[in-house]
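The values are calculated or read from the model by the stated rules, or taken from the named source; none is laboratory data. Note that this is a predicted model, so its numbers are computed, not measured. Cβ sites come from the backbone with ideal geometry, for glycine too, and all protein chains shown count toward neighbours. Just so you know, the surface numbers come from the protein's heavy atoms only, side chains and all, with ligands and any DNA or RNA stripped out. Shrake-Rupley method; radii C 1.70, N 1.55, O 1.52, S 1.80 Å.
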Amino acid sequence: MAWEKVSLFKTFQRQKRVVFKQGRTNVVIFAVGIDIWAVENRCPHQGFPLDDGILDEKTCVLTCNRHFWEFNLKTGDGLTGGFLPTYRTKVEEDYLWVEV
């Protein structure tokens, strides 16, 4: 795995979520308070993108907009089924990075 530069951190802070693609890797990254969480941008149910999902910032639960499958953003565990791969993130030199 390698660390990849995603965007300027202050740009990410304004957007609260960003999609990062490299090759076959498609990751959605969310800002939740001071935490940053990254998961695969594909619902395991039917493959729909999760970057337009509904995020409950209090519980850190991401809900797929299509069929309402729910996932713990911190762990990737599915609350209604399935599992999302998670990715490590960091902020370094004013940039947001993800390990893919």
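Numbers for the structure displayed
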item	result
Residue count, the range 58-94 (criterion: under 23 Å from THR11 (Cβ atoms) and buried (at least 17 other Cβ atoms within 10 Å of the Cβ))	6
Cβ-Cβ under 6 Å pairs, at least 6 apart or on other chains, the range 1-18 side within 11 Å of PHE30 (Cα to Cα) and without any contact (Cβ under 8 Å) to a residue 24 or more places away in the chain, far side open to solvent by less than 100 Å² (accessible area, probe 1.4 Å) and of a type in the set (A, V, I, L, M, F, W, C)	LYS16/ALA31
Out of GLY76, GLY53, GLY33, sole residue that is of a type in the set (Gly, Ala, Ser) and closer than 24 Å to MET1 by Cβ	GLY76
Filtered residues of the range 2-27 (kept if charged (D, E, K, R) and within 20 Å of LEU84 (Cα to Cα))	GLU4, LYS16, ARG17, LYS21, ARG24
Yes/no for VAL39 being modelled with pLDDT of 95 or more, out of contact with any helix residue (DSSP H, G or I) (no Cβ under 6 Å at 6 or more places or on another chain) and not small (Gly, Ala, Ser)	yes
Residue within the range 50-65 that is in contact with a His (Cβ under 8 Å, 6 or more places away or on another chain), modelled with pLDDT of 95 or more and within 19 Å of ASN26 (Cα to Cα) present	yes
Near pairs, Cβ below 6 angstrom, 6+ apart or cross-chain, from the range 56-72 (closer than 14 Å to PRO44 by Cβ) to any residue that is open to solvent by 70 Å² or more (accessible area, probe 1.4 Å) and part of a strand (DSSP E or B)	THR63/ILE54
Within the range 18-57, considering residues that are surrounded by fewer than 18 Cβ atoms within 10 Å (Cβ to Cβ) and basic (Lys, Arg), the one farthest from GLU99 (Cα to Cα)	ARG24
Hits in the range 28-48 (condition: among the hydrophobic types (A, V, I, L, M, F, W, C) and closer than 17 Å to THR11 by Cα)	VAL28, ILE29, PHE30, ALA31, VAL32, ILE34, ILE36, TRP37, ALA38
